[in-house]
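A.B. asks: Supplied in structure tokens, the structure appears directly below.
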Amino acid sequence: MSAFWSAWVMFLIVLNLGITLFLFLWGQRVEIPTRADGTSGHVWAHGVLREGVRRLPLWWVLLSASMFVAGFAYLALYPGFGRSRGLLGWTSHDELAAATQRNDAVLGDRMQRYSLYPIEELARDGGATRMGHVLFEDNCAACHGREATGNPLLGAPNLADNDWLYGGDGKAIMTSILDGRHGVMPPWASLGEDNVVSLANYVLSLSGAAHDDARAAQGKALFATCAACHGAEGKGNPALGAPNLTDNIWLYGGDLASVEESIRHGRGGVMPAWRARLGENDARVIAAWIYSLSHGNAGSGAPAAAR
Ligand code: HEC
Ligand code: HEC
């Protein structure tokens with residue numbers, strides 16, 4: 001906070017507290033002139049209501065006084081009076097750091113035990129996968145969806161279907177998470193629009209989707225260009241993240257227009273790297289949850305020591 005704003009805050013506090021304190025003290029002393037009948041002489045409602053004069057009740061005075069005391073004590077002890085840090089030196093940063101440290105002390109033990117198991121085994125531990133699911137929702141759901149079913153608008157794959165771009169064993173999943181991935185599908189508009197449409201029809205024929213046979217036959221002849229990455233039969237290549245085009249599972253949609261778009265302009269899905277942000281231990285429980293999605297129920301037959 002700059003010196004000006006600090007002074008401004010202090011000024012407002014002094015002004016407000018000063019005015020209310022003055023009114024409070026003055027209110028105790030002020031003498032309201034009363035008539036013999038004990039009223040002030042003010043009359044309302046055609047003379048039906050007359051204003052009486054009473055002292056403030058003691059409980060009200062004490063309550064108000066204690067609130068002033070609490071207010072001053074708070075400003076003395078805690079941050080609040082301009083830039084003052086308060087006598088206790090409390091800060092929300094320190095409180096967070098202390099809470100994080102307590103949390104780490106509790107979790108550290110558990111994470112240590114989890115680190116002894118391969119992902120495939122950890123996936124059967126309900127405690128680990130529950131933790132993984134929570135971390136996934138915090139960090140990954142924006143792209144992959146809360147239940148990891150993917151998002152074709154971003155090319156974020158479904159992680160629950162046991163169909164993998166880069167391989168689905170624990171090690172491959174860990175590499176995807178920690179180091180990120182970048183699939184590069186080059187654009188092929190240079191082949192000409194006619195050829196792009198033929199290739200798209202051939203690609204659709206690979207998974208038995210509706211297509212034009214004559215077009216597909218023309219596309220098949222051109223597919224040699226694609227085979228370097230997608231394989232001669234279009235089954236894909238996990239080393240490059242080139243998807244299997246024969247399984248009717250699509251990153252970007254499997255209708256003719258989407259497939260044409262993939263071929264014409266290329267695609268470049270980016271999975272960010274999480275090593276710096278999450279670290280190995282958190283990535284492990286997330287990977288375990290992901291693995292459990294396509295390998296039966298989590299939580300049964302857990303490794304005893306990891307419970
Ligand atoms: C910014 C969006 C985005 C976020 C956030 C994101 N991902 Fe991804 N992820 C992608 C995309 C896009 C791909 C596909 C990359 C490609 O096409 O090469 C991918 C791929 C993957 C793969 C490889 C899948 C396969 O089939 O081989 C895994 C595993 C994965 N993500 C897990 C995660 C986890 C775990 C998190 C959170 C820690 C996460 N992702 C966060 C966009 C994202
Ligand atoms: C350099 C390697 C490479 C070549 C060559 C290549 N592709 Fe791809 N292709 C990829 C990769 C990698 C992806 C995934 C892109 C991503 O992850 O965003 C992809 C994605 C696609 C998709 C989208 C699949 C989906 O699930 O939505 C289609 C369709 C496709 N390619 C067709 C072709 C065709 C047809 C050719 C030949 C003209 C071709 N590719 C040539 C690497 C390649």
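The values are calculated or read from the model by the stated rules, or taken from the named source; none is laboratory data. On a predicted model such as this, the values are computed, not experimentally measured, just so you know. Note that each Cβ is placed from the backbone with ideal geometry, even for glycine, and that neighbours are counted across all protein chains shown. For the accessible areas, the whole protein counts, side chains as well, though only heavy atoms, and no ligand, DNA or RNA atoms are used. Shrake-Rupley method; radii C 1.70, N 1.55, O 1.52, S 1.80 Å.
A.B. asks: Quick one: which residues, 5+ away or cross-chain, put their amide H under 5 Å from the amide H of Ala242? H built at 1.01 Å from N.
C.D. replies: Asn237
A.B. asks: Considering Cα pairs under 8 angstrom that are at least six residues apart, work out the relative contact order of the chain and quote it in whole percent.
C.D. replies: Here the relative contact order equals 23 percent.
A.B. asks: A further question follows. Please identify which residues in segment 91-112 have an amide N closer than 14 Å to a label point set 7 Å out from the Cα of Ala73, following the Cα→Cβ vector.
C.D. replies: none
A.B. asks: Pop out the ³J(HN,Hα) list for segment 161-167 in order, Karplus 6.51 cos²θ - 1.76 cosθ + 1.60 with θ = phi - 60°, rounded to Hz; leave Gly and Pro as x.
C.D. replies: With coefficients 6.51, -1.76 and 1.60, one gets 9, 6, 10, 10, 6, 10, x Hz.
A.B. asks: Rounded to the nearest whole Å², what accessible area per residue is found for the chain with the 1.4 Å probe?
C.D. replies: Spelled out: the 1.4 Å probe surface of the chain, per residue, equals 61 Å².
A.B. asks: With a cut-off of 14 Å, note down the residues of segment 7-34 whose backbone N falls inside the zone around a label point 7 Å from the Cα of Glu51 toward its beta carbon.
C.D. replies: The answer is 31-34.
A.B. asks: Here is a further query. How would you rank 113-125, 96-108, 132-144, highest first, on the average number of other Cβ atoms within 10 Å across their residues?
C.D. replies: 113-125, 132-144, 96-108
A.B. asks: Work out, step by step, the length gained on full extension between Arg85 and Leu107: first 0.36 nm times the residue separation, then minus their alpha carbon distance; give nm to one decimal.
C.D. replies: Here the segment from Arg85 to Leu107 would lengthen by 4.7 nm.
A.B. asks: Also: Share of the chain's accessible area from carbon and sulfur, percent, 1.4 Å?
C.D. replies: 61
A.B. asks: How long is the gain from Ala214 to Leu240 if the chain were fully straight, where each residue apart is worth 0.36 nm and the alpha carbon distance is subtracted?
C.D. replies: 6.3 nm is the gain from fully extending Ala214 to Leu240.
A.B. asks: Another question, if that's okay. Measure off 7 Å from each Cα along the Cα-to-Cβ vector at Leu12 and Ser92, then give the distance between these two points in nanometres to one decimal.
C.D. replies: Between Leu12 and Ser92, the label points sit 1.6 nm apart.
A.B. asks: Using modelled backbone amide H atoms (1.01 Å from N, in-plane), which distant-in-sequence or interchain residues come within less than 5 Å of Ala156's amide H?
C.D. replies: Residues meeting the amide H criterion: Asn151.
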